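S.K.: Below: one structure in structure tokens.
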Amino acid sequence: MKRYAPREHADHIITELQKQGFEPVPLYGVERTVIAVIGDERKLDIGHLRAMPSVGQVMPVLQPYKLASRESKPEATIIDVKGVKIGGEEIAIMAGPCSVESQEQMDVTARAVSKAGAKILRGGAYKPRTGPYSFEGHKEEGLKMMRKAADANNMIMITEIMDARHIDTVMKYTDILQIGARNMQNFTLLRELSKIRKPVMLKRGLCATMKEFLLAAEYLLSGGNGEVILCERGIRTYEDDMRNTLSIGAVARIKELSHLPLIVDPSHATGIASLVKPASLASIAAGADGLIIEVHPNPEEALSDGDQSITPEEFSDLILKMGPVAAAVGRTVNTN
Ligand code: PEP
Ligand code: MN
């Protein structure tokens with residue numbers, strides 16, 4: 001649509017396309033609305049469509065991930081969660097422990113990371129563990145602890161959902177749902193989460209190409225959930241010194257290929273606490289829209305991922321160091 005086209009014109013086109021047997025999917029932007037049309041291209045009367053009120057341009061999208069691609073929506077998507085913007089000028093900071101362990105741990109962590117500038121609290125209540133004998137999280141009790149800590153510190157929260165059977169429970173507490181790397185291609189879960197009305201952060205699969213990653217996001221978008229956040233969390237390569245290999249190239253490339261906000265997880269990407277700072281700064285420089293960082297008040301005692309967790313002191317130092325890097329690429333960091 002043309003810039004600032006009236007909503008009625010978009011609605012009119014949507015109804016018209018539906019009548020013709022197409023599936024129109026509107027992507028509403030601040031300045032411009034894009035209507036993606038799914039269906040048999042040969043049956044589309046492009047001339048007629050071009051002549052409709054407020055139509056700016058009609059073009060085929062060549063990428064297989066139609067809705068996620070920048071071709072279909074050149075303007076960056078900004079997701080507003082209770083006033084916290086993800087994908088805007090300010091770098092979105094998500095911080096908190098790997099697992100929710102206790103109310104006290106959540107309270108102490110939330111207070112510290114919020115004081116340093118983070119607005120989004122992370123924590124896992126349903127944990128995907130490599131082996132079946134590791135701590136699997138406190139489940140609904142954990143969600144309650146996290147919600148309480150987030151509310152007390154005026155933060156929003158993000159937590160992982162592993163199974164479609166938990167949707168109602170997880171939706172009750174969280175503001176953003178996270179799909180873990182191991183579930184990136186769990187297509188039944190993606191389809192279920194495409195129907196909900198809350199933002200979803202999709203983590204890149206352990207061995208997923210960028211195309212597979214964006215096609216997984218396409219499942220969420222095409223099912224009707226337009227609030228999709230991508231997360232680069234490192235991929236598996238032949239390197240075994242670090243837990244994963246953070247693809248800085250992918251950060252820059254995904255921002256070219258897609259309009260969706262992109263968050264980097266330097267904690268899982270490196271697996272080593274001392275690397276969280278350099279990996280975070282590099283990610284911001286490469287164009288990431290935000291970071292999700294594991295912070296624990298006492299990393300040696302963490303029930304999961306202690307090796308990669310930083311302390312609240314290290315976290316606030318990192319936020320301060322981020323300012324000049326963000327400024328160099330035209331972004332800002334909230335330091336409170
Ligand atoms: C996490 O963020 O808690 C997590 C398990 O990460 P990933 O799915 O990227 O391994
Ligand atoms: Mn973790």
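Read-outs: derived from the displayed coordinates by stated rules, not from any lab. Computed from a predicted model, the values in this text were never measured in an experiment. Methodologically, a virtual Cβ is constructed for each residue, glycine included, from the backbone with ideal geometry; neighbour enumeration extends over all protein chains shown.
S.K.: Within the range 106-154, which chymotrypsin sites (Phe, Trp or Tyr not before Pro) sit in a loop by DSSP and count at most 10 neighbouring Cβ atoms inside 10 Å? Walk me through the intermediate numbers first.
M.R.: Working: sites: 126, 133, 135; in loops: 126, 133, 135.
Answer by residue number: 133.
S.K.: Still on this structure, please answer the following. Which listed residue (54, 77, 35) has the Cα farthest towards the positive end of the charge dipole for the range 1-88, taking +1 on Lys and Arg C-beta and -1 on Asp and Glu C-beta about the Cα centre?
M.R.: 77
S.K.: Where the centre of each part is set by its Cα atoms, how far does the range 276-322 sit from the range 28-55, in angstrom?
M.R.: Using only Cα atoms to place each centre, the spacing works out to 43 Å.
S.K.: Now, a different point. When only C-alpha pairs under 8 Å and at least 6 residues apart count, what is the relative contact order of the chain, in percent?
M.R.: Contact order relative to length: 17 percent.
S.K.: Another question about this same structure. Which of 222, 248, 98 sits closest to the plus end of the dipole of the chain, meaning its Cα is farthest towards the positive end, when Lys and Arg get +1 and Asp and Glu get -1 on the C-beta?
M.R.: 222
S.K.: Follow-up question, since we're still on this one. Percent of alpha carbon pairs in the range 7-50 separated by more than 18 Å? All intermediate terms of the calculation are to be shown ahead of the outcome.
M.R.: Numbers: 208 of 946 pairs.
For the range 7-50, the share of Cα pairs beyond 18 Å comes to 22 percent.
S.K.: Any idea what diffusion coefficient the range 273-336 gets from Stokes-Einstein, in µm²/s, Kirkwood Rh on alpha carbon pairs, 10 °C, 1.306 mPa s? It would help to have the intermediate numbers written out before the result.
M.R.: Working: Rh = 12.3 Å.
Result for D is 129 µm²/s.
S.K.: Given the options 103, 178, 57, state which has the largest fluctuation in a GNM of the chain using a 10 Å cut-off (strictly under) for Cα springs.
M.R.: Between 103, 178, 57, it is 57 that shows the largest mean-square fluctuation.
S.K.: Rounded to the nearest 5, what is the percent of antiparallel bridges among the DSSP beta bridges in the chain?
M.R.: Details: 11 of 39 bridges.
The answer is about 30 percent antiparallel.
S.K.: Based on DSSP H runs of at least 4 residues, each adding -39500 (n - 2.57), what is the mean residue ellipticity at 222 nm of the chain after dividing by all its residues, to the nearest 500 deg cm²/dmol?
M.R.: Working: 11 runs with 119 residues, N = 336.
The per-residue figure over the chain is -10500 deg cm²/dmol.
S.K.: Taking a quarter of the surface of the Cα convex hull of the range 1-144, what do you get in nm²? Could the numbers behind the result be given before it?
M.R.: Values: hull surface 51.8 nm².
Quarter of the Cα hull surface area: 12.9 nm².
S.K.: Just the Cα atoms of the chain, one point each, no solvent: what log10 I(q)/I(0) does Debye give at q = 0.08, 0.10 Å⁻¹?
M.R.: Here log10 of I(q) over I(0) equals -0.38, -0.58.
S.K.: Restricting to the range 39-187, what percent of DSSP beta bridges are antiparallel, rounded to 5?
M.R.: Working: 3 of 12 bridges.
Just about 25 percent of them are antiparallel.
S.K.: For the pair residue 239 and residue 212, how long in nm is the line joining their label points, each one 7 Å along Cα→Cβ?
M.R.: 1.9 nm
S.K.: Report the FRET efficiency, 1/(1 + (r/R0)^6), for residue 62 and residue 104, where r is their Cβ-Cβ distance and R0 is 51 Å, rounded to 0.05.
M.R.: Details: r = 53 Å, r/R0 = 1.04.
Step by step, r from the Cβ atoms, then E = 0.45.
S.K.: Arrange the following residues from fewest to most other Cβ atoms within 10 Å of their Cβ: 313, 160. Can you show the working numbers first?
M.R.: Numbers: 313 12, 160 23.
The most exposed by this proxy come first: 313, 160.
S.K.: Report, in debye and to the nearest 20, how large the dipole of the chain comes out about its Cα centre when Lys and Arg carry +1 and Asp and Glu carry -1 on their Cβ. Kindly include the intermediate steps, with their values, before the conclusion.
M.R.: Values: 41 positive and 43 negative charges, 183 e Å.
Computed about the Cα centre, the dipole is about 880 debye.
S.K.: Relative to the Cα centre, what is the charge dipole magnitude of the range 159-262, using +1 at the beta carbon of each Lys and Arg, -1 at the beta carbon of each Asp and Glu, and rounding to the nearest 20 debye? It would help to have the intermediate numbers written out before the result.
M.R.: Details: 15 positive and 13 negative charges, 39 e Å.
Using Cβ point charges on Lys, Arg, Asp and Glu, the range 159-262 gives about 180 debye.
S.K.: Please report 28, 173 as a ranked list, fewest other C-beta atoms within 10 angstrom at the top and most at the bottom. Intermediate values should be presented prior to the final figure.
M.R.: On the way: 28 14, 173 18.
Lowest to highest Cβ neighbour count: 28, 173.
S.K.: Okay, next question. Got the relative contact order for the range 7-50 handy, in percent, Cα pairs under 8 Å and 6 or more residues apart?
M.R.: Details: 33 pairs, mean separation 12.3, N = 44.
Reported relative contact order: 28 percent.
S.K.: Could you tell me which of the pairs 82/321; 148/203; 43/198 are separated by over 29 angstrom between their Cα atoms in the structure shown? Let's see the in-between values first.
M.R.: Numbers: 82/321 27 Å; 148/203 25 Å; 43/198 34 Å.
Correct reply: 43/198.
S.K.: Which log10 I(q)/I(0) values does the range 164-315 give at q = 0.16, 0.17 Å⁻¹ under the Debye formula, counting every alpha carbon as one identical point scatterer?
M.R.: Once normalised to I(0) and log-transformed, intensities are -0.89, -1.00.
S.K.: What aspartates and glutamates could a cross-link reach from residue 255, if we take a straight Cα to Cα line under 17 Å and drop same-chain neighbours fewer than 8 places away?
M.R.: Leaving aside aspartates and glutamates fewer than 8 places away in the same chain, those within reach of residue 255 are 71, 75, 89, 90, 212, 218, 227, 232, 265, 289.
S.K.: Would you mind working out the magnitude of the charge dipole of the range 7-50 relative to its Cα centre, with +1 at each Lys and Arg C-beta and -1 at each Asp and Glu C-beta, to the nearest 20 Debye? Intermediate results must be reported in sequence, preceding the final value.
M.R.: Numbers: 6 positive and 8 negative charges, 14 e Å.
So the dipole magnitude of the range 7-50 works out to roughly 60 debye.
S.K.: Using alpha-carbon positions, what is the distance between the centroids of the range 147-180 and the range 217-271, in Å?
M.R.: Cα centroid to Cα centroid, the span is 20 Å.
S.K.: For a distance above 16 Å, tell me the whole-number percent of Cα pairs in the range 241-302 that qualify.
M.R.: On the way: 836 of 1891 pairs.
It works out to 44 percent of all Cα pairs.
S.K.: Check which residues have an amide H placed less than 5 Å from residue 201's amide H, if you skip close sequence neighbours.
M.R.: When sequence neighbours closer than 5 places are left aside, the close amide H contacts are 177, 178, 179, 229.
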